[in-house]
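> For reference, the structure I am asking about is given below.
Please treat every number below as a calculation from the coordinates, not as lab data. Just so we're clear, the structure is a prediction, and the values are computed from it rather than from any experiment. All Cβ positions, glycine included, derive from the backbone under ideal geometry; neighbour counts span all protein chains shown.
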């Protein structure tokens, strides 16, 4: 049986899958996008709405057709009774959603290192522990500098007090180091914040201190009313409310009030809704009067 | 003493509307003399422009009252009408209730108005609407909020509350210490 | 003291007492007047038939009737006969009194006493013959008060009742009278109960004589007993020092004190004839003052002040009026109703009322009411204001006009302010000021209740006033005062006022009146008036203050207050001369006008410039130079 006739007639019902483009259309199938850089028909755009709409529809259909053609050329896998085409990776670079983070100002060490030309060297975080015969972290969890790893014997340095507990000295030194580091990081943090606000660090500190003072002063039951004043204590300035002048323009005030009144009354639905019962009664009364 | 802010004016008008509806316009725009609302401490006073102007030299601490007090703003920013506003409310009231002579004193002692005491009511009074209460000689006694609409009032038994008490003339005696 | 204490501790009892006494004294008061007129009549009658009078008469009287009313008149002839001297003395005394001198009076008294003492033995000896008999009788009667003193002291300490004393005196001899009277006066002068070296001799001599006299008079006493009784009852005598002392310990019955007050007043009203010769007017007045202080419960200071103000009998009326509450009066609020409608409404509530008087068209007097008048629906609706009749007056005097600017300097509780506003028909502006913030609550309440919308209530000291606000058309100054006019309302005034209080108040009043004057705009086309009023009757707070204002502010003058009634103000008072125009001020008294004691003065301000130079102001009075000098002095003192 020759079905070509039927197919032809069927085919003629639909538009062709062939689309001609002067410049070949680019695809980014990973994003299911096609980019057509051909010229559009200026005249059709300028003409009446129906033509324009039809033209735009045609354009988008053709673009979509081209992309679908492309999709069908992709390798497919068959699973049960469905075909799956695996898309390639997107090639278009999309713009970033968040702004690029600002560069942090350099810490003191970084500045110093830069000044001295000290390079940061990547060093291994682990050291070989000879007693256990394995690699261990320099510090941190299961680090070699932890106290559980303390030596069973410490030699007293020659210039030290011989009755001093050298374990304690060790502990304290470590604590001090940690604190020192914290102080430095805090200092770095403060300097960074100040730099971000364009202030000098000591100015910033002063301001913070005053803020804290005001807060602590106000944090009593009487809001600091009965607290003794410190010398040179800054006067707390509240927010000054602003009011209309007591004696202003009469007309202005009147119009303002009227505007407010209108707004108030607009929300009042009862005033605007028709009172059906009343209307009915009025109507009835009118009718009765007419009869008489 | 200062003019009301827009928010305060709005709160005040919303309250007043419940009693005198659009007649507030008559208070703002008077044909005889310009009048105005002013806030002194937490009270709202209504006075003629001239009196306000002349009272400006009086210090804030020393000014006790001027013109007619309409009520006060509560700490939560609501407006509470005082009995002192009664002359204006009664003049412009939309809904009125007249009480019989036997109901006068109970109301003036601060009780709600029961149905049995009602002599006349304005037609078509909806429920929960501000009403001004008069005695049969048309002397305003106070104001309140209607508990029933005029239609529903017929169904209520005589001891049922018809108008919720809000303020009455007796407060001049009872509340003298707190009202002023 | 005792009465005061009673008054304070126990309210109902003194009230009753007061009521009772009030009634009694009123009755007595009438009697007194009647008495006086009658005694005058009797007097003339007695003069006609002098000769008909004899020593017999007292006995006759006793037998016929011994009502205290007729006695003094019967007495008089003998007194007249006796000598012209005491008469002249008494005249002198009166003069002295009015002159305010006391020392001269004392001298006179001693003279009389001496005479009495000298005469006494003589009289006692000669008790034969009608003439001498009569003399004797008279003496004994006159001395009775005096004589009864030491005796009662000697014999017993019971100083209770006049009757008892009378009886005692009856028993004691008439002859001893002279001596003892001397003695009594002596102690009086010394002002000392205890025995001193100075009077030791006198006392011993007295005792000797007494013993002697008692013996001598034993039988005579018996004979004359009846006659003496009759005489004694007639003549009132002052209590002695000792008695007074004793009274302080154990006060007399009120009714007895009342009787004594009355007697003293009767004597004072007809002093020449009814006096005891050795007692001066001063003594009587002293005793009267003491008794009235006790009876009415005033402190001495206030009593002095008030007695200065009125003649004695009028003072009693005043005190009596203060014991009775003034009728409740109300003022119609013409902004809300009319008096006729209000009266009708109140009558429907069973209130018994009447218009106050012709002088006001808004006042009503409430006689009685079955409902509390301050809690009727009409009251709550602001149809009326409970307001004393007297506080209408300053507003009537002020007569505020429509659309004026009026200041009420001490406004609370607002009766006058609201009246002003009502008269102005809620136009213009009324500034109601009061220094007391608590009292201003009532003021604001009343202003709102009466539906007044033109009022500004403020809380300043009145003295700040021209600075805060000025240029008023009219100013009403109802000055803070001692309240001596409203004792019936606040009886505490009777005891809690002193000279210091008055001084302080007058000082304040003077400052206030000046600032009131300065607050007024003299160029006001309709106004320029100041009304000064107080609810006090003392001259210090009234005329003196007005006079001060006139002298300090020559740009004001007194004008007619427009009040048709009321007594004119004093133009001179106890040697102080005031500006002649003070006659234009008005005083109101509780006993005369049936309203609280009140004072109203109305000024008109002539110009806004104050000329303070003293020379420019001359008091156009008769004794201009003198007053001017005084004023200058006072100014420099100021």
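> Of all the Cα-Cα pairs you can form in chain A, what percent are over 33 Å apart?
On the way: 31691 of 42486 pairs.
Of all Cα-Cα distances in chain A, 75 percent exceed 33 Å.
> Further question on the same structure: R0 = 35 Å: FRET efficiency of residue B:7 with residue C:437, Cβ-based, nearest 0.05?
On the way: r = 30 Å, r/R0 = 0.87.
After rounding, the FRET efficiency stands at 0.70.
> 7 Å from Cα along Cα→Cβ at both residue C:207 and residue A:223: what's the point-to-point distance in nm?
8.6
> Moving on. Sticking with the crude label model, points 7 Å out along Cα→Cβ, report the distance from residue A:135 to residue C:488 in nm, one decimal please.
Here the answer is 11.7 nm between the modelled labels.
> Per residue, how big is the convex hull around the C-alpha atoms of chain B? Give it to me in cubic angstrom, could you? Don't jump to the answer; show the numbers that get you there.
Numbers: hull volume 22.0 nm³, N = 180.
Enclosed volume per residue, from the Cα hull, is 122 Å³.
> Moving on. Could you list the square roots of 5 times each eigenvalue of the Cα gyration tensor of region C:444-569, that is, the equivalent ellipsoid semi-axes, sorted largest first and rounded to whole Å? Write out the running numbers ahead of the final one.
On the way: eigenvalues 122, 81, 50 Å².
One finds semi-axes of 25, 20, 16 Å for region C:444-569.
> Counting only other chains, what is the mean number of Cβ atoms within 10 angstrom of the Cβ of each residue in peptide C:432-442? Kindly include the intermediate steps, with their values, before the conclusion.
Working: counts 3, 3, 1, 0, 0, 3, 1, 0, 3, 7, 4.
Average neighbour count from other chains, rounded to a whole number: 2.
> Let me ask you something else. Please work out the ratio of the alpha-carbon Rg of region C:262-418 to 2.2 N^0.38 Å and round it to two decimals. Present the calculation step by step, with values, prior to reporting the outcome.
Values: Rg = 22.1 Å, N = 157, 2.2 N^0.38 = 15.0 Å.
For region C:262-418, the normalised Cα radius of gyration is 1.47.
> In deg cm²/dmol, rounded to 500, what helix-only [θ] at 222 nm does chain A give when every DSSP H run of at least 4 residues adds -39500 (n - 2.57) and the total is split over its residues?
Numbers: 9 runs with 136 residues, N = 292.
Taken over chain A, the calculation gives -15500 deg cm²/dmol.
> Can you order the peptides A:285-292, C:432-439, A:176-183 by their average number of other Cβ atoms within 10 Å per residue, highest first? Please report the intermediate quantities before stating the final value.
Numbers: A:285-292: 8.1, C:432-439: 19.1, A:176-183: 10.0.
Listed from highest to lowest mean packing, they are C:432-439, A:176-183, A:285-292.
> Further question: Which of rounded, prolate, oblate describes region A:173-213, given a ≥ b ≥ c as roots of the alpha-carbon gyration tensor eigenvalues and a/c under 1.5 marking rounded, otherwise prolate only if a/b is larger than b/c?
Cα axes put region A:173-213 in the oblate bin.
> In peptide C:372-380, how many Cβ atoms from other protein chains are near each Cβ within 10 Å, on average? Provide the component values of the computation, followed by the final result.
Values: counts 1, 0, 1, 7, 3, 12, 3, 4, 13.
The shielding value for this peptide is 5.
> Beyond 18 Å, what share of the Cα-Cα pairs of region B:2-88 remains, rounded to the nearest whole percent?
40
> Determine, for each peptide in C:591-598, C:352-359, the mean count of other beta carbons within 10 angstrom over its residues, then list the peptides with the highest first.
Values: C:591-598: 22.2, C:352-359: 14.8.
So the peptides C:591-598, C:352-359, ranked by packing, come out C:591-598, C:352-359.
> Still on this structure, please answer the following. So between residue A:236 and residue A:60, what do we pick up on full extension, going 0.36 nm a residue minus the alpha carbon distance? Intermediate results must be reported in sequence, preceding the final value.
Numbers: separation 176, 0.36 × 176 = 63.36 nm, distance 6.58 nm.
Separation in residues times 0.36 nm, less the Cα-Cα distance, equals 56.8 nm.
> What average count of beta carbons from other chains do you get within 10 Å of the Cβ of residues in B:66-74?
For this peptide, the per-residue mean of nearby foreign Cβ atoms is 3.
> Sticking with this one: What is the spin-label model distance, in nm, from residue A:202 to residue A:97 if the labels are put 7 Å beyond Cα along the C-beta direction?
4.5
> Would you mind calculating the gained length between residue C:607 and residue C:286 on full extension (0.36 nm times residue separation, minus the Cα-Cα distance), in nm to one decimal? Please report the intermediate quantities before stating the final value.
On the way: separation 321, 0.36 × 321 = 115.56 nm, distance 4.94 nm.
That works out to 110.6 nm of additional length.
> By counting other Cβ atoms within 10 Å of each Cβ, how are C:478, A:81, C:341 ranked from fewest to most? Please report the intermediate quantities before stating the final value.
Working: C:478 24, A:81 5, C:341 14.
Listing C:478, A:81, C:341 from fewest to most nearby Cβ atoms yields A:81, C:341, C:478.
> Can you list the residues of region A:179-208 with backbone N under 13 Å from a point 7 Å past the Cα of residue A:104, pointing along Cα to Cβ?
The answer is A:185-193, whose backbone nitrogens lie closer than 13 Å to the label point.
> Here is a follow-up. Starting from the Cα gyration tensor of region A:10-97, take the square roots of the eigenvalues, sort them a ≥ b ≥ c, and report rounded, prolate or oblate (rounded when a/c is under 1.5, otherwise prolate if a/b is larger than b/c, else oblate).
Numbers: a/c = 2.53, a/b = 1.41, b/c = 1.80.
Here region A:10-97 falls in the oblate category.
> So if we plug the beta-carbon distance of residue A:152 and residue A:182 into 1/(1 + (r/R0)^6) with R0 = 35 Å, what FRET efficiency do we get, rounded to 0.05?
Numbers: r = 31 Å, r/R0 = 0.87.
In this case the efficiency is close to 0.70.
> Counting other beta carbons within 10 Å of each Cβ, put C:404, B:8 in order, fewest first. The partial results should precede the final answer.
Values: C:404 21, B:8 18.
Ranking C:404, B:8 by Cβ neighbours within 10 Å, fewest first, gives B:8, C:404.
> Which three lengths, in whole Å and largest first, does region A:127-247 cover when its Cα atoms are put on their principal axes?
91, 35, 28
> On to the next question. Applying 1/(1 + (r/R0)^6) with R0 = 60 Å to the Cβ-Cβ distance of residue A:243 and residue A:14, what FRET efficiency is obtained, to the nearest 0.05?
Numbers: r = 75 Å, r/R0 = 1.25.
E between residue A:243 and residue A:14, to the nearest 0.05, is 0.20.
> While we're looking at this one, here's another question. How far is the Cα center of region A:129-158 from the Cα center of region B:54-129, in Å?
First find each Cα centre; the distance between them is then 87 Å.
> Where does each of C:296-306, C:416-426, B:51-61, C:546-556 land if you order them by average Cβ count within 10 Å, highest first? Intermediate results must be reported in sequence, preceding the final value.
Numbers: C:296-306: 20.3, C:416-426: 24.0, B:51-61: 16.4, C:546-556: 21.9.
The most tightly packed comes first, giving C:416-426, C:546-556, C:296-306, B:51-61.
> Can you give the angle from 0 to 90° between the axis of helix B:6-20 and the longest principal axis of chain B, with both taken from C-alpha atoms, to the nearest 10?
Between helix and principal axis, roughly 30 degrees.
> Continuing with the same structure: Between B:142, B:77, B:21, find the one with the highest GNM mean-square fluctuation for chain B; connect C-alpha pairs within less than 10 Å.
Greatest mean-square fluctuation among the candidates belongs to B:77.
> By counting other Cβ atoms within 10 Å of each Cβ, how are C:214, C:513, C:264 ranked from fewest to most?
Values: C:214 14, C:513 27, C:264 23.
If I rank by nearby Cβ atoms, fewest first, I get C:214, C:264, C:513.
> Quick one: check the C-alpha center-to-center distance for region C:346-412 versus region A:203-247, whole angstrom.
Going from one Cα centre to the other spans 54 Å.
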